[in-house]
Structures are given as structure tokens and as C-alpha cells.
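Inspection log for the structure reproduced underneath, given as C-alpha cells.
The values are calculated or read from the model by the stated rules, or taken from the named source; none is laboratory data. These figures come from a predicted structure and were not determined experimentally. Reconstructed Cβ throughout: ideal geometry from the backbone, glycine too, with neighbour counts over all protein chains shown. In case anyone asks, the SASA skips ligands and DNA or RNA and just uses the protein heavy atoms, side chains included. Shrake-Rupley method; radii C 1.70, N 1.55, O 1.52, S 1.80 Å.
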Amino acid sequence: MISPSPPISASATTSHFARAVVAATGLAVGAPPPAGGQALRATELGAGATAVLAHRAFWGPELGAARRSGGQGRFAFTAACGGYDRALGVRLEATAQFLLRPVERSGAGPYGGLGLSFVGSQDTRGASYLAALVGVESAPGARAGWYAELGLGGGVRLAVGRRVRRFPSWW
């Protein structure tokens with residue numbers, strides 16, 4: 001006959017969880033920081049033009065800012081002001097992007113991203129959308145270059161422009 005195991009008390013479960021949290025925190029804090037060559041951080045500023053083809057079309061100039069925290073990731077924010085459904089409108093977009101070749105100083109570097117966008121005007125009720133994009137930029141590891149994007153989020157979005165990047169002094 002198999003004897004049933006004793007019930008686990010709430011305090012035992014809580015203490016196991018607390019030990020796991022402390023151990024995970026210790027590992028995260030004790031991990032060595034990336035070497036200078038491994039983490040290429042950059043701040044990017046961009047200017048261009050965007051057009052969204054949808055039931056209510058949007059077009060206009062856009063300004064963007066992005067931050068690479070190291071590795072192949074980039075967080076980007078763009079703001080565009082222009083024509084939306086025959087009125088002055090605004091389009092905002094925030095995306096997390098993945099760069100395939102972030103340190104290339106020549107040639108083209110493809111990237112993709114996911115995020116959220118918002119579009120609206122004074123005369124039209126605003127709307128939020130999930131956004132997805134694919135793009136290509138020239139020399140993603142250089143100080144400046146052009147970019148072109150194709151995305152979805154409230155319609156088909158096309159954007160082109162130029163980015164200026166600020167890298168660490170050792171780069």
C-alpha cells in the first residue's frame with residue numbers, strides 16, 4: 001500500500017518561491033556586464049516621409065528617435081503630422097525592432113519590428129492599431145544612412161528617410 005504524501009503547506013510553497021526569486025536575482029546581479037565590443041549602443045534621429053494607404057489615407061513628414069541598447073535590438077518612436085481624411089492629422093508609432101546586421105558600416109541592413117500606432121485628427125476619432133514592419137537601411141553601423149520601411153497598422157504604411165546615429169567614442 002502506498003501512503004499518501006503529506007499536504008504541502010502554503011508557507012512551504014511561499015518559501016520555495018522566495019528562494020527561487022532570491023537565487024534568480026543573485027544570478028542577474030552577479031552576471032558580468034558585456035564587453036565594450038559586444039554592446040554597441042547608439043542613439044538615432046531620423047527624418048522622412050510616410051504614407052498610409054487605407055480607407056482613411058494618411059501622408060506627411062515624420063520625425064523619429066530610436067535607441068539601441070546593445071545587441072540587435074532597437075526601440076523606435078516616430079511622429080508624423082500631415083493629411084488624414086482631408087484634415088490635419090497626427091500619426092504616432094512605437095516599435096521594438098530586430099536588426100539583422102546592426103554593425104555593418106557599408107551595404108544594406110534589413111530589420112523588422114512590432115509595436116503600436118495611433119492616428120487621428122481634430123475632425124476624426126482617433127484609432128490605435130497593432131503595427132508590424134519590415135525595413136532596410138544603409139550602413140546600420142555608420143554615422144548616417146537612408147531607410148525604407150513597409151508596414152501594416154491601420155493600412156499599408158510606406159516610409160522613406162534618413163537617419164543620423166551617435167555611437168560611443170570607441171566606435
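The figures follow:
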quantity	calculated
Total residues in segment 128-138, condition open to solvent by less than 30 Å² (accessible area, probe 1.4 Å) and out of contact with any Pro (no Cβ under 9 Å at 6 or more places or on another chain)	3
Complete set of residues in segment 114-143 that are at pLDDT below 95 and over 30 Å from Arg86 (Cα atoms)	Ala139, Pro140, Gly141, Ala142, Arg143
Residue match in segment 38-47 (condition: open to solvent by less than 30 Å² (accessible area, probe 1.4 Å) and modelled with pLDDT of 95 or more)	yes
Positions within segment 71-130 being of a type in the set (D, E, K, R) and in a loop (DSSP other than H, G, I, E, B), in sequence order	Asp85, Arg86, Arg101, Glu104, Arg105, Asp123, Arg125
Residues being farther than 17 Å from Ala144 by Cβ and surrounded by 15 or more Cβ atoms within 10 Å (Cβ to Cβ) - total across segment 99-112	1
Of all residues in segment 48-90 being open to solvent by 20 Å² or more (accessible area, probe 1.4 Å) and among the charged types (D, E, K, R), the one that is modelled with the lowest pLDDT	Asp85
Extreme residue, farthest from the chain's Cα centre (by Cα), among residues of segment 81-119 that are under 15 Å from Arg157 (Cα atoms) and of a type in the set (Gly, Ala, Ser)	Gly83
